[in-house]
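Before any comments, here is the structure.
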Protein chains: 2
Amino acid sequence: MTEDFLHRIRHKGLRERVVSAEQAASLIHDGMVLGMSGFTRAGEAKAVPMALAERARQNPMKVTLMTGASLGNDLDKTMAEAQLLSRRIPFMSDPALRRAINAGEVMYIDQHLSETVEQLRTCQLPPVDIAIIEAVAITEQGGILPTTSVGNSASFALLAEKVIVEINLSQSEQLEGLHDIYIPTYRPTRTPIPVVSAESRVGFPFIPVPPERIAAIVISTKLDSSSTVQEPDEETRAIAGHLTDFLKNEVAHSRLPSHLQPLQAGIGTIANAVLHGFIDSPFHDLTMYSEVLQDSTFDLMDAGKMVFASGSSITLSAPKYAEVMARFQDYKPKLILRPQEISNHPEVVRRLGLICINTALEFDIYGNVNSTHVMGTNMMNGIGGSGDFARNAFLSVFVTKSLAKGGRISSVVPMVSHVDHTEHDVDILVTEQGLADLRGLAPRERARVIIRNCVAPEWRPALEDYLGRALVRGGHTPHLLEEALSWHDRLRRTGSMRPE
Amino acid sequence: MTEDFLHRIRHKGLRERVVSAEQAASLIHDGMVLGMSGFTRAGEAKAVPMALAERARQNPMKVTLMTGASLGNDLDKTMAEAQLLSRRIPFMSDPALRRAINAGEVMYIDQHLSETVEQLRTCQLPPVDIAIIEAVAITEQGGILPTTSVGNSASFALLAEKVIVEINLSQSEQLEGLHDIYIPTYRPTRTPIPVVSAESRVGFPFIPVPPERIAAIVISTKLDSSSTVQEPDEETRAIAGHLTDFLKNEVAHSRLPSHLQPLQAGIGTIANAVLHGFIDSPFHDLTMYSEVLQDSTFDLMDAGKMVFASGSSITLSAPKYAEVMARFQDYKPKLILRPQEISNHPEVVRRLGLICINTALEFDIYGNVNSTHVMGTNMMNGIGGSGDFARNAFLSVFVTKSLAKGGRISSVVPMVSHVDHTEHDVDILVTEQGLADLRGLAPRERARVIIRNCVAPEWRPALEDYLGRALVRGGHTPHLLEEALSWHDRLRRTGSMRPE
């Protein structure tokens, strides 16, 4: 490695702290709590966790790992396989780690993404021993310039005993100035968070850490992993179409302006497809106040539809990444990356009046949503930011395809096997079949609209039959408790929800 | 009736609008949407709804009724029995109305109490035709001075086509100056809500309605109904003791100051008993930022323990009401009543860092809470403000007795039959058996702590057995779906959760 990284450590006194990833990892001891950068495969520390996993394979050790959200470069997999993790907070999406969590080998604390650092700050979670933060550079004063995500990095760095900085030479120095680091003030004198629009800049462009707390600096060069979002297909295009039509109608009835209200979209293929759908819509001057800025954000900017986007990370496909970085100076004035506490903060979400589009694993005939648990027991990913957004949204939209596993599973069920979002927090449900507008409806009314509009035709009679028999028994939310979860139980036993 | 009410209508031009309750009710037509004052039996309009119910008994008609929360003076009962209500929003607690809701005769929209006026303002609920607001007086400018509650009155009055004011001569004029009416500004230029402590006064002391919109004024004299809160018993005292001990320990570990953080307590006997428990605690200089100020608030002030209380209503027992009104000038500097949108606002709840104590109907071994549905189907009261508070609390506490119906029901079950609060929003569970601190625990860990600390001894083996068998099957949240709701089904069939 040449020394051409030195200009990225502008605080000259810190240059002597450059060590190898292995040396930095040796600061970490068995039982420690680590706070690591990284949010949906963007901006995670890469070299030190890899070195630590390698060490754990030789000499077994366990740590509690907190991050922003999921990690790229198979780091969750590598650490899980090295049996390094005793506890993982607050989000993950790796199959190997998921397996370990569902086997009870790793204790996973699934949290609303805005809440982790709040709980850390008030000592309701164990304190972070070491923060490991990927950076573009360190400023003259020792401030850390994050890379493609902010996540929980700022609070981890500020609260940790020691900080390890990974300067990633593959992350462009153009990223400097993109970030807006604001930390809520301490109670009892906490003041309002001054964000009043997606464009509001209210904090520092770097994480202001006292330089003496930076214990080690590691140089890395590995790129972020590309996003795994798939192209829109016929069904996701239909979902986008239903939602666009609905929003057009809201505009026509003056319930929304033609630039809508700031958009939030969850991670993944369906939400990305829905945003893509806006390219051919009549809406314009759109803004985004979200967690993850995906390909669709930049496609909307390219199409002249979106004027500003605020998020906590940029997670792109490989071709889009190349395209965006090639003319990043054009995009930069239209972008802000914030701590996830702020991108997801109930206060700001409610103030701005977001239109929130998140993905459901399944929902039930009354509009309760399961975002996390397969068959009510096995963790898929975690609730992520969906709770932060859905509860406080102007419009809380959940999307899913009506069928899964080649039609063996109906995504609309009598009763969800796990509740992440209650009917109180769900305004609009959309599948490729259609859209259910649940605003102002009682449960019995919701059930009729959901079954009529969202369910695949082959499952409709069974749900109508269930509802009909439940209505005979009565109640505000009529159910047949002895049968409510039988579809899931059948799926568990036979691999299909279809009657045996 | 003498004319000694005239000084309560300070805007002289409005004095000619005084009419009888029947005349005022004649402004209301079949199919209208009414927005009425009233929050937990306090400050509801009394004469006009009674006259309207009488009329509906003669000539059937239907209206949509929105209020702050539940009504006193058996108004919900009277209106339900007169078959006047087609739709009821957002809270109720009357047995007759409950029966009509569970029979599907009244469509009940159960909402987070901070959200109703937000949805009204943005035209996501049908517009209010007529607001009916109880008042102490009307100011010189035509402003409405509310009585013992604010609830949704301010927004109803501001948004309605016409306003009927009920001046209640039994409500003391001393109440003037108690209220702080702040309405969030319109989007997209909405600014932060400036409340930074329980004591913050940020609005008007009256509801600023243009006098020409006041269509009728009715004089009434009926008192608020007294609260139905029962005296603490051995079990509620035990719950209070466990929670006090827990908070003492938090103070001892410097996670809380000795004045704690502002308290919120739900409506009802258990929450009231818990607050009473603080009288003999070492905590001092307590403040409250809650919905309903009950007897316990004033008892804590009398004991020199509480220095300030902010709420949306004052709902007292008959003796306490007499006592408080007799020396109201002493209490007034320590009290504010706010719109429920502000008393329950996620922004303020999170900013102030509330300790929130709400009542569960039942909870499950993983910490999900059911606040509303008996056997997953029949509505009890509605979610009220518990969701506004629990999601954004510094500490979210749910309390319940471990047994109901003479031990035939365990309040701790394998899986709740309805979810109002997910495990993500529940930090602490307390029964008379003990307290479960769930912070930072994964579901498998939560289950062990809950079963050990909160379950009645006679139900513990059955829950341990369930958990043990579910763990064999595995998962992040292990369940036996074919059995998860069997306790409730048995209760439905046999009147007891006990094995047949």
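Nothing in this text is a laboratory measurement; each read-out follows from the coordinates by a stated rule. Quick caveat: nothing in here was measured; it's all calculated off a predicted structure. In this analysis, Cβ positions are derived from the backbone assuming ideal geometry, glycine residues included, and neighbour counts consider all displayed protein chains.
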Rounded to a whole number, what is D in µm²/s for the protein assembly as shown from Stokes-Einstein with the Kirkwood radius over alpha-carbon pairs (4 °C, 1.567 mPa s)? 44 µm²/s
If I model the stretch A:342-500 as equal point scatterers sitting on the Cα atoms and use the Debye formula, what is log10 I(q)/I(0) at q = 0.08, 0.09, 0.14 Å⁻¹? -0.22, -0.28, -0.66
Per-residue Cβ contact counts at 10 Å, fewest first, order B:Phe156, B:Phe204 as B:Phe204, B:Phe156
Considering only the label points, 7 Å along Cα→Cβ from Cα, what distances in nm to one decimal separate B:His259 from the same position in each other copy, shortest first? 4.3
Using a 7 Å Cα-to-Cβ projection, B:Arg190 label spacings across copies, nm, ascending: 1.8
Summarise the partner chain shielding of A:469-481 as one whole number: the mean count of Cβ atoms from other chains within 10 Å of each residue's Cβ. 6
Nearest 10 degrees, 0 to 90: helix B:234-252 Cα axis against chain B principal axis: 80 degrees
Round to the nearest 0.05 the FRET efficiency obtained for B:Glu482 and A:Lys405 when R0 = 22 Å and r is the Cβ-Cβ distance. 0.60
Helix B:443-454: angle to the longest alpha-carbon principal axis of chain B, degrees 0 to 90, nearest 10? 80 degrees
Fraction of antiparallel bridges per DSSP, chain B only, in percent to nearest 5: 25 percent
The stretch A:192-284: spread of alpha-carbon positions along the three principal axes, whole Å, largest first, is 58, 36, 17
Kirkwood-Stokes translational diffusion coefficient of the stretch B:6-220, alpha-carbon pairs, 20 °C, 1.002 mPa s, µm²/s: 124 µm²/s
Could you state the number of Å between the C-alpha centres of the stretch A:152-184 and the stretch A:111-143? 9 Å
Using only Cα atoms, what is the ratio of the radius of gyration of the stretch A:56-98 to 2.2 N^0.38 Å? 1.06
For the protein assembly as shown, the dipole about the Cα centre with charges only on Cβ (Lys and Arg +1, Asp and Glu -1), to the nearest 20 debye, works out at 160 debye
Using the Cβ atoms and a cut-off under 15 Å, what net charge is assigned to the surroundings of A:Leu403, where Lys and Arg are +1 and Asp and Glu are -1? -1
Among the listed pairs B:Lys12/B:Lys62; B:Lys248/B:Lys320; B:Lys12/B:Lys46; B:Lys62/B:Lys334; A:Lys222/A:Lys305, those beyond 31 Å (Cα-Cα): B:Lys12/B:Lys62; B:Lys62/B:Lys334; A:Lys222/A:Lys305
Please report the relative contact order for the stretch B:234-494, taking Cα pairs under 8 Å with a sequence separation of at least 6, and give it as a percent rounded to a whole number. 17 percent
Tell me the relative contact order for chain B as a rounded percent, counting alpha carbon contacts under 8 Å between residues six or more apart. 13 percent
Taking A:Val128, B:Val251 and counting other C-beta atoms within 10 Å, the order from fewest to most: B:Val251, A:Val128
Can you give the translational diffusion coefficient of the stretch A:234-494 in µm²/s, computed by Stokes-Einstein from the Kirkwood radius over Cα pairs at 4 °C and 1.567 mPa s? 68 µm²/s
Return A:Asp302, A:Asp129, A:Asp425, A:Asp94 ranked ascending by Cβ neighbour count within 10 Å, so the fewest neighbours appear first. A:Asp302, A:Asp129, A:Asp94, A:Asp425
About the Cα centre of the stretch A:234-494, how large is the charge dipole given +1 on each Lys and Arg Cβ and -1 on each Asp and Glu Cβ? Please answer in debye to the nearest 20. 180 debye
Could you list, bin by bin from short to long, the percent of Cα-Cα pairs of the stretch A:1-99 in 5 Å steps? 3, 13, 22, 23, 17, 11, 9, 3, 0
The alpha-carbon center of the stretch A:186-229 and that of the stretch B:276-309 are separated, in whole Å, by 40 Å
Chain lengthening between A:Val202 and A:Ala318 when straightened (0.36 nm per residue, less Cα-Cα): 38.6 nm
Within chain B, helix-based [θ] at 222 nm, where runs of 4 or more DSSP H residues each add -39,500 (n - 2.57), nearest 500: -8000 deg cm²/dmol
What whole-number volume per residue, in cubic angstrom, does the convex hull of the C-alpha atoms of chain B give? 147 Å³
Within the stretch B:159-201, GluC sites (Glu not before Pro) in DSSP loop having at most 14 other beta-carbon neighbours inside 10 Å: B:Glu161
Using bins 10 angstrom wide from zero, how does P(r) for the stretch A:151-247 break down, in % of all Cα pairs? 11, 26, 27, 22, 12, 2
Of all beta bridges DSSP finds with both residues in the protein assembly as shown, what is the antiparallel percent, to the nearest 5? 25 percent
Using alpha carbons only, how many degrees (0 to 90, rounded to 10) separate the axis of helix A:47-58 from the longest principal axis of chain A? 90 degrees
The stretch B:426-483: projected area of the alpha-carbon convex hull, averaged over directions, in nm²: 4.0 nm²
Under 13 Å from the Cβ of B:Tyr108, count the other residues' Cβ atoms, weight Lys and Arg +1, Asp and Glu -1, and hand me the total. 0
Skipping prolines and chain starts, which residues have an amide H placed within reach, meaning under 5 Å, of the one on B:Asp94, given they are 5 or more residues away or on another chain? none
Mark the label point 7 Å from the Cα of B:Ile279 along Cα→Cβ and return the residues of the stretch B:225-263 whose backbone N is within less than 13 Å of it. B:231-233, B:237
Run the paramagnetic zone check for A:His259: 7 angstrom along Cα to Cβ, then residues of the stretch A:184-213 with backbone nitrogen under 15 Å. A:196-200
With +1 on the Cβ of every Lys and Arg and -1 on the Cβ of every Asp and Glu, and nothing else charged, how large is the dipole of chain B about its Cα centre, in debye rounded to the nearest 20? 620 debye
Taking the DSSP beta bridges in the stretch B:132-282 as the whole, what percent of them are antiparallel, to the nearest 5? 35 percent
FRET efficiency for A:Lys248 and B:Glu458, using Cβ-Cβ distance with R0 set to 45 Å, rounded to 0.05: 0.15
For A:Lys405, list the lysines whose Cα falls under 27 Å from its own Cα; do not include residues on the same chain fewer than 8 positions away. A:Lys77
